[in-house]
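This report concerns only the one structure given below.
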Amino acid sequence: MVSLGQPSQQPRLGIPQIDRGYANLGESKLHTPFLQLNQQGRLIDGHRFPLNEKPIVKTLHWPDESACAACAQGLALCPALAQAVVYLHGDLGTGKTAFTRYLLQALGVTDRIKSPTYAVVEPYEVTTGDKVLAIWHFDFYRFNHPQEWEDAGFRDIFASPGLKMCEWPEKALGLLPASDLDIFLSVNTDASRDVRLASNSPLGNDLLA
C-alpha cells in the first residue's frame, strides 16, 4: 500500500486536512453511533472496526479538472481498492462520473468509459499478468423499483470480488451493502470542487491511510 505520508508531507491524494472520528462530518451522514460489541471490535455503519481504529475523514479542494484526475490517480495506487465499495455523493454536474472515469483509466481500463445513467451499471475488466480486476460502475439515478435489484442480478454482483463504484447510492438505500469509502463532491461558484472522503470500514481506512 502506498502511504500518504505524514501530514506535513505531500499526501497521495493532495489532502491537507485530516479528521478522525465523527466530528464535523456535516452532510456525510455517517451518523450511526458506535455499537459496543466486545473486546474484539465495534460496529460502525455496518462495519466492524478494531477497538484501536476509527473512521478517517479527509477534505480537499480541486481547483480544476487536473486536480480531480490527480486525486483519482493517487487512489488507484492503493491495492485495497480492488475489493472496495465506493459511494459517490453530489448533485448533477459535480464530477462523480468524471472522477470515476479518471480512476478507471488509472487502473488500466482502455475501453470507452461511459456514464451508466440509463444502463444503471457498466462492467469492466483489467488484466495484469495473471490477475483480473473486475470493476462495476453503477449509477442509480434512474433506479426505480427494488425488484430491479433482483432481476438485474445486482445482489450477485455485490457478492462477487471486484471494485464497485456507486453514483447516487441514496436511490438504492436498503439494498446496497455498506460502503467502504464515501466521496462527497460539491461545486463552488468558480467551478472548483470541494471534496470530502470518509472511510466506513477498515478497508476504507486502508484507502485513506
Within the range 102-128, tally of residues that are open to solvent by less than 90 Å² (accessible area, probe 1.4 Å) and part of a helix (DSSP H, G or I): 5
The range 91-101, residues that are out of contact with any Gly (no Cβ under 9 Å at 6 or more places or on another chain) and assigned to a helix (DSSP H, G or I): THR97, ALA98, PHE99, THR100, ARG101
Selection within the range 117-175 - among the β-branched types (Val, Ile, Thr) and either at pLDDT below 95 or more than 16 Å from the chain's Cα centre (by Cα) (or both): THR117, VAL120, VAL126, THR127, THR128, VAL132, ILE157
Residue match in the range 161-171 (condition: under 28 Å from LYS54 (Cα atoms), surrounded by 20 or more Cβ atoms within 10 Å (Cβ to Cβ) and of a type in the set (Asp, Glu)): yes
Residue identified as open to solvent by less than 10 Å² (accessible area, probe 1.4 Å), modelled with pLDDT of 95 or more and among the aliphatic types (A, V, I, L, M) among ALA84, ALA67: ALA84
Qualifying residue in the range 129-145 (condition: charged (D, E, K, R), open to solvent by less than 30 Å² (accessible area, probe 1.4 Å) and part of a strand (DSSP E or B)): yes
Residue check, ASP206 open to solvent by 10 Å² or more (accessible area, probe 1.4 Å) and in a helix (DSSP H, G or I): yes
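The values are calculated or read from the model by the stated rules, or taken from the named source; none is laboratory data. Keep in mind that this is a model prediction, so the values were computed, not measured. We place every Cβ from the backbone using ideal geometry, glycine too, and count neighbours over all the protein chains shown. Side chains included, ligands, DNA and RNA excluded: accessible areas come from the protein's heavy atoms. Shrake-Rupley method; radii C 1.70, N 1.55, O 1.52, S 1.80 Å.
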